[in-house]
Structure formats: C-alpha cells, structure tokens
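The values are calculated or read from the model by the stated rules, or taken from the named source; none is laboratory data. Quick caveat, the model's predicted, so the values are computed rather than measured. Every residue, glycine among them, receives a Cβ derived from its backbone with ideal geometry; neighbour counts consider all protein chains shown. Just the protein is used for accessible areas: all its heavy atoms, side chains included, with ligands, DNA and RNA removed. Shrake-Rupley method; radii C 1.70, N 1.55, O 1.52, S 1.80 Å.
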Amino acid sequence: IIETVGAGQNEMQIAKLSDLFLLLAMPATGDELQGIKRGAIELADAVIVTKHDGKLKSAAEISAAQLRTSLSLYSQATVPVFLTSNIQKTGYAELLNFLQKKMTQPIDQEKRANQAQFWLNQGIYLETIKKINKQAIKNLR
C-alpha cells in the first residue's frame, strides 16, 4: 500500500509502481469539476468518494456522478466509483468485493513490462542528470 497526499507527478509515478491504483476524492472540493487530478483520474482503477454521510451526503453523490462522467471521457475501461462513509460504515463491502476480485486476477504482464521500462528510463534519466550536474559544477570551478 502506497499513499500520497497530492496531485501531480507523485500519482503518476505511483501508478507506474503499483498493480492497483485507487483514487480517493472528497466531496464539495471542486476537484471533480476541474477534471480532478486529470492525469490521476486517467490512471485510476477505481475511485472512492469519501464522506457519504451527514451534510456532505448529497455532495458526495453529486461528486460521484461528476466523476463517473469524467471517467467515461478519460478512461477506456469501466472504472467503478464507490461512495463510502466512515461514520456510517457504508460502501466498504462493495469496495472490498472489488478489491478481492482484482486480487484474484492474473498480473497484467503488459502493465508489468511497461512499469519495468518506465523505471529503467527513470534510472537512466536520473543518472544522466547527476553526471551533467557534476560536470557543470566542475566547469564552474
């Protein structure tokens, strides 16, 4: 399990490292209207909308509907959107069923090969940048 806190490169790199990418979204933040973390939403295997209770219950439902629309535009696969409430303890059975089903499926070998290629390229890139920086510092002296 790998958890990140923001949008951007972190999520893109985590998706290249993990077998399953879950995107958590809070209602009434406006993220869903902005194409929520667009790069991340395109990579998500599932989206979990939290706080589906109390004053935010209807906002969570609206967020989930907007996310489903965004997902239908950005993803070729059907990506489920789960509504959860930690207070009412709801939505977790469906999410657990999804996760258990995913865990019983064979590893996607094409995805694994793409992940390996990505990390190889990252390593080469970082080593190249280190060498360039080292040489630039020598040239400044």
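A few notes on this one:
- When only Cα pairs below 8 angstrom with a gap of at least 6 residues are kept, region 27-141 shows a relative contact order of 21 percent.
- Rolling a 1.4 angstrom probe over the chain with all protein chains present gives an accessible area of which 57% lies on carbon and sulfur atoms.
- Pairs exceeding 19 Å between alpha-carbon atoms, taken from LYS55/LYS89; LYS57/LYS89; LYS51/LYS102; LYS111/LYS131: LYS51/LYS102; LYS111/LYS131.
- Average accessible surface area per residue within region 34-131, 1.4 Å rolling probe, Å²: 67 Å²
- Beta bridges per DSSP with both ends in the chain, % antiparallel, nearest 5: 10 percent
- Based on the convex hull around the alpha carbon atoms, region 98-141 presents an average projected area of 4.2 nm².
- Cβ charges +1 (Lys, Arg) and -1 (Asp, Glu), total dipole of region 33-141, debye: 640 debye
- Fully extending the segment from GLU61 to LEU140 would add 22.6 nm, taking 0.36 nm per residue of separation and subtracting the current Cα-Cα distance.
- Protection proxy ranking, peptides 45-58, 77-90, 98-111, average beta carbon neighbours within 10 Å, highest first: 45-58, 77-90, 98-111
- Put simply, the C-alpha atoms of region 46-101 give a gyration tensor, and the ellipsoid matching it has half-axes of 20, 16, 5 Å, longest first.
- Mean silhouette area of the chain, derived from the convex hull of its C-alpha atoms and averaged over all directions, reads 11.2 nm².
- Top positive-direction residue, dipole computed over the chain with Cβ charges, set GLN13, SER75, GLN122: GLN122
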